[in-house]
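The numbers here are math on the coordinates, done by the rules we state, and not lab data. All of these numbers come straight from a predicted model, not from anything done at the bench. When we count neighbours, we look across all protein chains shown, and the Cβ atoms used for this are built from the backbone with ideal geometry, even at glycine.
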Amino acid sequence: MKTYALTDDSVVVVIGSGAGGGTVANELAQQGVDVVCLEAGGRMSFADIENDPPAMDERMGWLDKRIGPGVWLCKTVGGTTVRWSGITPRFLAHEFKARTSYGLNATSTIDWPLTLEELEPYYDRAEDKMGVSGTGDIPLYPETNNYKVLHAGATRVGYKQITTKHVAINPVARDGRPGCQQLGFCHSGCKIGAKWSTLYTEIPKAEATGHFEIRPNSMVLKIDHDKTGKVTGVVYRDRDGVLHEQKARAVCVAGNVVETTRLLLSSKSGLFPEGLANGSGHVGRNHMRHVMGFVYAVMPGPVNAHRASRQNGMVLDELDHREERGFAGGYIMETAAGAPDALMGTMSTWGRSATAFTDRYDHVAGLFVTGEDPAEASNRITLHPTEKDEAGLPVPVLEYADHPNSVAMRKHAMSAGAAIYESLGATHLYMSTELTGECHNMGVARMSENPRDGVTNKWGQAHDVPNLFISDGSVFSSSAAANPTLTITALAIRQAEHIAERMRRREL
Amino acid sequence: MRTRRRFIAATGQATLGVWVVTSNAHGALAETLSVLEADTRLLQTLARVARLIYPHDGLSDSVYVRIVGDLLGDPQNTATLSIGAANLGEFLELDEAQQIAALQRIENGPFFNAVKTPLMGALYNSPELWTMIDYAGPSFPFGGYINRGFDDIDWLPTS
């Protein structure tokens, strides 16, 4: 396997190996660019992945101390693509123009500096890479019991756009990975690799190029720069606690929102007193989590929703923007199911209103809502001024409050979801009433046309630092409604093409 | 494969055993009995609280007792659980509606969540609950549900 010297300043250093980091690293390596990928977590094999949610949460969850609402991240090679559900709708044209489409003038909502049209070729490539159902020559995902309930109920209430398209879990064997066996433990890592994860796609493919080295258990602490403001390398701690500096020609940061923020803010200097790339003051701000919620229903007959992949179909009729609903943006309803502890873990209630669902566990159908979350500067991640974690790093502090738009959307979505199951005679219904522990993560280093409004340009290149790129969901200018991974991957493919081209032109 | 379940089962029983031994080691029979009585009452109160948080008529008291015993065995929880239970007063003498009302008054406090959060993890990963709801646990060993009914629903209306 290829290795690089710490002093080799011709390499691009990629920090993180999930959807953003794993993809940008592989796409660079495929073009012959030498890459060193530093990943804080360890590297699992399929033998390490078990159908055991509590054990896997310990093994791959990011468990370092944080203050504030929970975030659903992983510290492992593959990042959160090991844990994700695999749902991959594209963002819509109007969602890239959030400010123009929605107004929301009291928020910090902006338009993206790029359009759907510009991203479409990269969506095509991302769907092909990830094996998304219903795209190219890939069949639709098989219809599971939970999906069939969703489909029947949604049809009864008049919805039309109900589909098992947009699932990045192989319906049939493809690209060296098997077809889905309906294990039902997607969130604990796919034991057979049917669900796309950079752990067993992008990372080994990059290694096969001879232009890539991954160093697991390598936690990056700081990005260094020279007196002209260009980054020159990164300082990281290896598994034995030893510090190293890896030199770099350019750096791509893809640590997911909390670690991307912590790293940029921790890399402050005389030249960048508020943190690296933070001349606008926007680093850590505009954290968007999506409006989320769950509807669970006890149905008149058995569903056994857990005997299948967790998420495998969706209703898209509420995705468009319709002012008459009383909120901006739209939402998607997607099947949801899980082990008994996962079901109860997503319910905030207790007593018989909760156990009515586990007592009839085999009769439970469920859906999950993800919807547009307006950007707000006050929803932010900062570093605690004094408190340090076990490794001596400043503890991240998350502050997040629902916007009234989100409260209105969640209420609408919960009623809409409940109506689907009521139409089929559900005997008990549960609806989320507040922020859930689950979230998608976007926006803390957002793209902006005007450098005053964000952290990067439309390539994810920092406005303030020419050879520093942000390669994860942190760059989203708005959240849109759909699950973010496909868009992160498409942006990473596009960014890698841009970086390689700039390097060929000797501009980087 | 089921390490955590064996762990839960083993530590629950061990906790109760250790208490009896340490109490006897203190010597005086009366003291031993009063310690045991207080411990028993604390355990009964917590088990009752646990059953009211996640009431399953199909589960025996021993499941709830084992889980709260396990919680009490962790020194980090002892103060929160003992004080919280003491603040409930003559909880065991109340009727069920009164007990639920008492818990509703404290449902956002530290004691309630010190019971509820770990109870959720332990109860819904317990072998007794899995058996009761016919949940098979890990599916990889038998090849998942691709040939075991992932799409076998037969009662849905056709229109």
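Both numbers refer to the Cα atoms of region A:92-149; Rg and Dmax are 16.6, 45 Å. Amide H to amide H, with H built 1.01 Å from N, A:Ile87 comes under 5 Å of A:Ala168, counting only residues 5 or more places away or on other chains.
Counting neighbouring Cβ atoms within 10 Å and putting the fewest first, the residues A:Asp341, A:Asp472 line up as A:Asp341, A:Asp472. Rg and Dmax of region B:35-82, both derived from C-alpha coordinates alone, stand at 10.7, 32 Å. When every Cα-Cα distance of region A:197-239 is counted in 10 angstrom steps from zero, the calculated P(r) takes the values 23, 32, 36, 9 percent. In this structure, A:Arg322 and A:Glu120 have a Cβ-Cβ separation that, at R0 = 22 Å, corresponds to a calculated FRET efficiency of about 0.35. As a ratio to 2.2 N^0.38 Å, the alpha-carbon radius of gyration computed for region A:206-331 takes the value 1.63. Couplings 3J(HN,Hα) for region A:115-121, derived from phi with the Karplus relation 6.51 cos²θ - 1.76 cosθ + 1.60 (θ = phi - 60°), are 10, 4, 4, 5, 8, 3, x Hz, where x marks Gly and Pro. Mean partner shielding of peptide B:141-147, defined as the number of other chain Cβ atoms within 10 Å of each residue Cβ, is 6.
Dividing the helix sum by the residues of chain A, where each DSSP H run of 4 or more adds -39500 (n - 2.57), gives a mean residue ellipticity at 222 nm of -7500 deg cm²/dmol. Label reach from A:His498 (point 7 Å along Cα→C-beta): in region A:433-454, amide nitrogens under 11 Å belong to A:447-449. Most simply put, chain A has about 70% antiparallel DSSP beta bridges, counting only bridges with both residues inside it. Pairwise Cα separations in region A:450-508 fall into 5 Å bins from 0 onward with the following percentages, short to long: 4, 19, 27, 24, 16, 8, 3, 1. Average 1/r across all pairs of distinct alpha carbons in region A:395-461, invert it, and you get the Kirkwood radius: 15.5 Å.
Working ranking of peptides A:74-83, A:352-361 by packing, defined as the average number of other Cβ atoms within 10 Å per residue, highest first, is A:74-83, A:352-361. For region A:255-403, report the translational diffusion coefficient in µm²/s to the nearest whole number, using Stokes-Einstein at 20 °C, 1.002 mPa s, and a Kirkwood Rh over Cα pairs. Taking Rh from Cα pairs, D becomes 115 µm²/s. Which of the lysines could a cross-linker bridge to A:Lys230, judged by Cα under 21 Å and excluding same-chain residues fewer than eight apart? Cα-Cα hits under 21 Å: A:Lys222, A:Lys247, A:Lys268, A:Lys458. D by Stokes-Einstein for region B:30-159, Kirkwood Rh over Cα pairs, 25 °C, 0.890 mPa s: 144 µm²/s.
Couplings 3J(HN,Hα) for region A:281-297, derived from phi with the Karplus relation 6.51 cos²θ - 1.76 cosθ + 1.60 (θ = phi - 60°), are x, 8, 4, x, 8, 6, 5, 10, 10, 6, 6, 10, x, 10, 10, 10, 9 Hz, where x marks Gly and Pro. Taking other C-beta atoms within 10 Å as the exposure proxy, A:Tyr147, A:Tyr159 rank A:Tyr159, A:Tyr147 from fewest upward. Both radii come from the Cα set of region A:162-272: Rg as radius of gyration, Rh as Kirkwood radius; their ratio Rg/Rh reads 1.10. Measuring nothing but how far apart in sequence close Cα pairs (under 8 Å, 6+ apart) lie, relative to its length, chain A scores a relative contact order of 24 percent. Report the percentage of all Cα-Cα pairs in region A:138-184 whose separation exceeds 13 Å, rounded to a whole percent. The calculated P(r) of region A:138-184 puts 61 percent of pairs beyond 13 Å.
Just so you know, the Rg over Rh for chain A is 0.96, from Cα atoms, with Rh as the Kirkwood radius. The fewest-to-most ranking of A:Glu501, A:Glu117, A:Glu376 by surrounding Cβ atoms within 10 Å reads A:Glu117, A:Glu501, A:Glu376. Hey, what D do you get for region A:357-508 in µm²/s if you plug the Kirkwood alpha-carbon radius into Stokes-Einstein at 37 °C and 0.692 mPa s? In µm²/s, the coefficient rounds to 174. If a spin label sat at a point 7 angstrom from the Cα of A:Thr427 along the line to its beta carbon, the backbone N atoms of region A:281-316 nearer than 18 Å would be those of A:296-305. Taking amide H atoms as placed 1.01 Å from N in the peptide plane, the amide H of A:His225 lies under 5 Å from those of A:Thr232, each 5 or more residues away in sequence or on another chain. Rounded to the nearest Hz, the phi-derived 3J(HN,Hα) couplings of region A:249-255 under the Karplus curve 6.51 cos²θ - 1.76 cosθ + 1.60 (θ = phi - 60°) are 7, 8, 10, 10, 9, 9, x, where x marks glycine and proline. Measure out, as a whole number of angstrom, how far apart the alpha-carbon centroids of region A:1-29 and region A:157-207 sit. Taking the Cα centre of region A:157-207 as reference, the centre of region A:1-29 is 25 Å away.
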